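Structure, as structure tokens:
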């Protein structure tokens with residue numbers, strides 16, 4: 001299975017710019033890199049977060065988008081697919097990922113911030129735990145997407161990239177593509 005076979009959109013709950021600037025950015029970078037089509041976020045609207053993700057996508061390629069959503073209930077109500085809530089209180093992901101993967105519906109992967117409302121647990125089709133220990137939502141999302149796509153996302157190429165890494169054993173090397181305007 002690849003990210004082309006399974007549409008995934010990420011919903012970041014409760015962004016707080018003063019506290020979550022780096023975590024939300026890293027979460028969205030993981031979403032983009034590990035195969036999500038796009039993302040929504042709730043909480044406080046943050047033009048700096050939106051611009052950061054736009055710039056990264058412009059430089060590193062792909063068509064990932066980020067949109068502010070006034071509230072999670074609106075996103076849930078409009079969603080045409082299944083909802084996967086990543087939480088340390090859910091079922092172990094290794095026990096449910098095959099069921100999730102075999103369902104052809106688009107997936108909304110919900111990742112919490114501060115306190116997640118109990119209604120989210122009830123509205124989700126799957127409450128999934130990467131581990132039952134406190135951990136980062138960034139690591140949970142990366143591991144979940146990696147397992148969902150069975151590693152195929154690691155071979156993904158990002159169209160329209162201005163920058164690409166040239167793999168090498170030592171040092172850093174980037175390839176810069178010229179752009180026509």
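The values are calculated or read from the model by the stated rules, or taken from the named source; none is laboratory data. Small disclaimer: the values here were computed from a predicted structure and weren't measured. Cβ coordinates were reconstructed from backbone atoms using ideal geometry, including for glycine residues, and neighbour counts include every protein chain displayed.
Here are the numbers for this structure:
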quantity	calculated
Residue in segment 43-55 that is part of a loop (DSSP other than H, G, I, E, B) and within 27 Å of residue 157 (Cα to Cα) present	no
Segment 27-50 residues that are on the phi > 0 side of the Ramachandran plot and at pLDDT below 95, paired with ones that are crowded, with 22+ Cβ neighbours inside 10 Å and part of a strand (DSSP E or B) (beta carbon under 9 Å, 6 or more apart)	43/12; 43/13; 43/15
Single condition residue 94 does not satisfy, out of (1) in contact (Cβ under 8 Å) with a residue 40 or more places away in the chain; (2) in a helix (DSSP H, G or I); (3) out of contact with any strand residue (DSSP E or B) (no Cβ under 8 Å at 6 or more places or on another chain); (4) surrounded by 15 or more Cβ atoms within 10 Å (Cβ to Cβ)	(4)
When residues of segment 56-66 are limited to those that are closer than 11 Å to residue 38 by Cα and touching a residue at least 60 places away in the same chain (Cβ under 8 Å), the one surrounded by the most Cβ atoms within 10 Å (Cβ to Cβ)	62
In segment 111-126, the residues that are more than 15 Å from the chain's Cα centre (by Cα), farther than 23 Å from residue 98 by Cβ and assigned to a loop (DSSP other than H, G, I, E, B)	114, 115, 116, 117
Residues of segment 97-116 that turn out to be closer than 19 Å to residue 75 by Cα and either exposed (fewer than 14 other Cβ atoms within 10 Å of the Cβ) or in contact with a helix residue (DSSP H, G or I) (Cβ under 8 Å, 6 or more places away or on another chain) (or both), as a count	9
Sole residue being modelled with pLDDT of 95 or more, surrounded by 16 or more Cβ atoms within 10 Å (Cβ to Cβ), under 27 Å from residue 177 (Cα atoms) and touching a strand residue (DSSP E or B) at 6+ places or on another chain (Cβ under 6 Å), chosen from 83, 53	53
Selected residue (criterion: surrounded by the fewest Cβ atoms within 10 Å (Cβ to Cβ)) from residues of segment 1-31 that are touching a strand residue (DSSP E or B) at 6+ places or on another chain (Cβ under 8 Å) and more than 20 Å from residue 116 (Cα to Cα)	7
Answer from 140, 161, 177 - the residue that is on the phi < 0 side of the Ramachandran plot and in contact with a strand residue (DSSP E or B) (Cβ under 7 Å, 6 or more places away or on another chain)	140
Single condition residue 39 does not satisfy, out of (1) within 25 Å of residue 157 (Cα to Cα); (2) in a helix (DSSP H, G or I)	(2)
In segment 127-181, residue surrounded by the fewest Cβ atoms within 10 Å (Cβ to Cβ) [restricted to those that are assigned to a helix (DSSP H, G or I) and out of contact with any helix residue (DSSP H, G or I) (no Cβ under 8 Å at 6 or more places or on another chain)]	155
